[in-house]
Amino acid sequence: MQDNFGRTIDYLRISVTDRCNFRCTYCMPEQQTFLPRSDLLDYTEIALIAARFIRHGIRKIRLTGGEPLARRDVDVLIQELGRHVQSGALDELTLTTNGSRLAHFAPILKESVVRRINVSLDSLVPAKFNAVTRGGDLGQVLDGIAAAKRNGLAVRINMVALKGVNDDEIVSMAKYCAANGFDLALIETMPLGDGVSGRTGQFIPLDEFVAPLRENGSISPLDHRTAGPARYYRLEPLGLRLGLITPMSHNFCGDCNRLRLASDGKVHMCLGSEFYVDFREAIRIGGMEAVDGLLQKALRLKPERHDFERQMEDKGLRLHRHMNATGG
Ligand code: SAM
Ligand code: SF4
């Protein structure tokens, strides 16, 4: 599949639910309203849409949310989508999670086709972790991550760079990841969603965030790529693979290969745009031909790039949707 700008689209992120047991300060407000359950696609509908996308050229799927492991019986969906990996139609099925339910799910994931997971972890200090997630239990998440490691899952830790919050923890996080054989990805905060206060002041470019790592080591580029937007580096002497995700300071839209299916059936063509194409009625009423038609429309409407810079400067442009609606 190609969009109007000649980019190959082969990666689908599926937000399984917009609900979450955490309320990370940069992601959503404390009093967040979620979609009524009746608005959600059921697993059969998600699987049907995914199968059609795979038929048209999607090669990788990542399940995300909200918290994907918080939706009931999500292993049923994992199993269903896993069939496409087994048949060779899909290269990979992965998952991004806040880790709070990983201790339970790690053995289940091990039995599935999922081999790699991303776990969000913004702090290794219990009180700070609790404050950033508004209620998360660091010990529970670390136990979940340890269970993932024990069960042979490759883990990448996602850490959102927050000035004045966790910029003093980059070295300890790098050491934790290196000691456990995990990759570490750092993410710049993006200006998504209403009612999230204080985030603009917490923005810090990754060049600045990683400066302490350069004091006692070196960072050199690697050829390694995954389907996502991270650029990878080798951090020595720790021997850590470090991913940098810089939507704000170094735009990567020229390489964008993604569409995002939200839990209510809307396909978002760009995190930084309000445009979407609604697949829910298509799958419920129109059938596969309607889905195919909308997929072509989504490709045509995919914007060339996000407009976060202007949104950050707050020139009256606001993206109302939160990250949990579309998934990271
Ligand atoms: N709940 C799961 C988790 O936290 O990993 C999956 C969904 S979460 C929306 C996916 C990723 O988006 C997480 O790594 C999270 O840190 C990141 N994220 C959320 N809001 C963000 C924002 N405003 N800017 C940058 N990253 C954000
Ligand atoms: Fe939940 Fe993930 Fe958003 Fe945190 S970043 S509130 S864990 S969806």
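Observations on the structure shown:
- Test: residue in the range 136-155 that is open to solvent by 30 Å² or more (accessible area, probe 1.4 Å), in contact with a Gly (Cβ under 8 Å, 6 or more places away or on another chain) and part of a loop (DSSP other than H, G, I, E, B): no
- Residue within the range 5-20 that is more than 19 Å from the chain's Cα centre (by Cα) and open to solvent by less than 50 Å² (accessible area, probe 1.4 Å) present: yes
- Cβ pairs under 8 Å, 6+ apart, first in the range 290-317 and under 25 Å from residue 246 (Cβ atoms) and surrounded by 16 or more Cβ atoms within 10 Å (Cβ to Cβ), second modelled with pLDDT under 90 and β-branched (Val, Ile, Thr): 312/200
- From the list 62, 71, 52, the one residue that fits, being more than 16 Å from ligand 1 (Cβ to nearest atom) and of a type in the set (Lys, Arg), is 52.
- Just one residue in the set 201, 195 is within 15 Å of ligand 2 (Cβ to nearest atom), open to solvent by 40 Å² or more (accessible area, probe 1.4 Å), within 15 Å of residue 27 (Cα to Cα) and not aliphatic (A, V, I, L, M); that residue is 195.
- Of the candidates 48, 12, 77, the single residue that is more than 12 Å from ligand 2 (Cβ to nearest atom) and not in a helix (DSSP H, G or I) is 12.
- Among residues of the range 212-223 being of a type outside the set (Val, Ile, Thr) and touching an Asp or Glu at 6+ places or on another chain (Cβ under 9 Å), the one that is nearest to residue 241 (Cα to Cα) is 220.
- Residue match in the range 221-234 (condition: at pLDDT below 90, buried (at least 16 other Cβ atoms within 10 Å of the Cβ) and over 17 Å from the mean Cα position of the chain (by Cα)): no
- Here the range 168-192 is the region considered, the condition is being of a type in the set (Val, Ile, Thr) and in a helix (DSSP H, G or I), and the residue that is surrounded by the fewest Cβ atoms within 10 Å (Cβ to Cβ) is 171.
The values are calculated or read from the model by the stated rules, or taken from the named source; none is laboratory data. All values reported here derive from a predicted model rather than from experimental measurement. Because the Cβ atoms are built from the backbone with ideal geometry, glycine has one as well, and the counts that use them run over all protein chains shown. Calculation scope for accessible area: heavy atoms of the full protein, side chains included, ligands and nucleic acids excluded. Shrake-Rupley method; radii C 1.70, N 1.55, O 1.52, S 1.80 Å.
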